1. Given the conditions (1) surrounded by fewer than 17 Cβ atoms within 10 Å (Cβ to Cβ); (2) within 16 Å of the chain's Cα centre (by Cα); (3) of a type outside the set (Phe, Trp, Tyr), which single one is not true for Ala24?
2. For segment 100-112, give me each residue that is modelled with pLDDT under 95 and touching a Lys or Arg at 6+ places or on another chain (Cβ under 8 Å).
3. Just checking, does segment 89-108 include any residue being surrounded by fewer than 20 Cβ atoms within 10 Å (Cβ to Cβ), more than 25 Å from Ser170 (Cα to Cα) and either in contact (Cβ under 8 Å) with a residue 60 or more places away in the chain or in contact with a helix residue (DSSP H, G or I) (Cβ under 9 Å, 6 or more places away or on another chain) (or both)?
4. Which of the residues that make up segment 48-86 are over 26 Å from Arg126 (Cα atoms) and not in a loop (DSSP other than H, G, I, E, B)?
5. For the condition touching a strand residue (DSSP E or B) at 6+ places or on another chain (Cβ under 7 Å) and buried (at least 17 other Cβ atoms within 10 Å of the Cβ), what is the one hit in Val35, Val19, Val82, Val68?
6. Of all residues being of a type in the set (Asp, Glu) and closer than 16 Å to Asp182 by Cα in segment 54-99, which is nearest to the chain's Cα centre (by Cα)? Just the residue, please.
7. Name the one entry in Glu40, Glu20 that is modelled with pLDDT of 95 or more and either in a loop (DSSP other than H, G, I, E, B) or outside the structural domain of Ile121 (by TED's automatic domain parsing) (or both).
8. Against the definition (of a type in the set (Asp, Glu), crowded, with 17+ Cβ neighbours inside 10 Å and part of a helix (DSSP H, G or I)), how does Asp182 come out, yes or no?
Amino acid sequence: MIAHAVWLYFRFPLSLLMVEDMLAARGIIVSHQTVRLWAEKFGRAFASEIRRRAAGRLGDKWHLDEAVVSIRSKKHWLWRAVDQDGFVLDVLVQSCRDAKAAKRMMRKLLKSQGRPPRVMITDKLRSYDAAKRKIMPGVEHRSHKGLNNRAENSHQPFRRRERIMKRFKSQRHLQRFASIHDPIANLFYIPRHDISSSHHRELRSEAMNLWPEIARM
């Protein structure tokens, strides 16, 4: 029951009240506040297990991008890195968009991935180049607006959630949500390019079968 509630909340753009109603339709009566506590407590554990299983299996081409998020009328930046297949590597919420913030994101990526990328692709924000020279001087860096569509597109599911949730309460709230949401989204994400419909169904079934296994950890 808990795993199903967490799955609904992070897998689809649903509010806590929507999840409460969907559970009630199945005869499970809990408040939306209970759903929120489950999402935070168990969602964090599920996301950690997904990250552990994905360690070393994601791509070696990093696409980095940052999206502005307004929290209590103040701008924050959600930095996100995805690989060449569109899987999210890591996220970091920061109040700045400068070289120091870019360095912090790159250090976090190196720690979580355990190795530098073969290629790093960004838009033309100069902070990336300044940070890369300090943190990963030997890595090839391609800076071009048109090359970074994959990272920019990765913000779209988050934008849908942002509208449903009617914005975030704090930087910590945003970081916590994104750190749980993105690994769970990775589990059910299936790259569309060069995949037949039968293979797509196989990958989807594999993800659906893996979720209960992760939820029992």
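1. It fails just one condition, (2).
2. Answer for segment 100-112, where residues must be modelled with pLDDT under 95 and touching a Lys or Arg at 6+ places or on another chain (Cβ under 8 Å): just Ser112.
3. The answer is no, given that none of the residues of segment 89-108 is surrounded by fewer than 20 Cβ atoms within 10 Å (Cβ to Cβ), more than 25 Å from Ser170 (Cα to Cα) and either in contact (Cβ under 8 Å) with a residue 60 or more places away in the chain or in contact with a helix residue (DSSP H, G or I) (Cβ under 9 Å, 6 or more places away or on another chain) (or both).
4. Ser48, Glu49, Ile50, Arg51, Arg52, Arg53, Ala54
5. Just a single option satisfies the conditions, and that option is Val82.
6. Here is the first cut: in segment 54-99, the ones of a type in the set (Asp, Glu) are 60, 65-66, 83, 85, 90, 98.
With closer than 16 Å to Asp182 by Cα added as a condition, the list becomes 65-66, 83, 85, 90.
Details: Asp65: 12, Glu66: 12, Asp83: 12, Asp85: 14, Asp90: 6 Å.
Result: Asp90.
7. Values: Glu40 fails: modelled with pLDDT of 95 or more.
Selected residue: Glu20, the only one of Glu40, Glu20 that is modelled with pLDDT of 95 or more and either in a loop (DSSP other than H, G, I, E, B) or outside the structural domain of Ile121 (by TED's automatic domain parsing) (or both).
8. Yes, satisfied.
The values are calculated or read from the model by the stated rules, or taken from the named source; none is laboratory data. On a predicted model such as this, the values are computed, not experimentally measured, just so you know. Every residue, glycine as well, gets a Cβ built from its backbone with ideal geometry; the counts of neighbours run over all protein chains shown.
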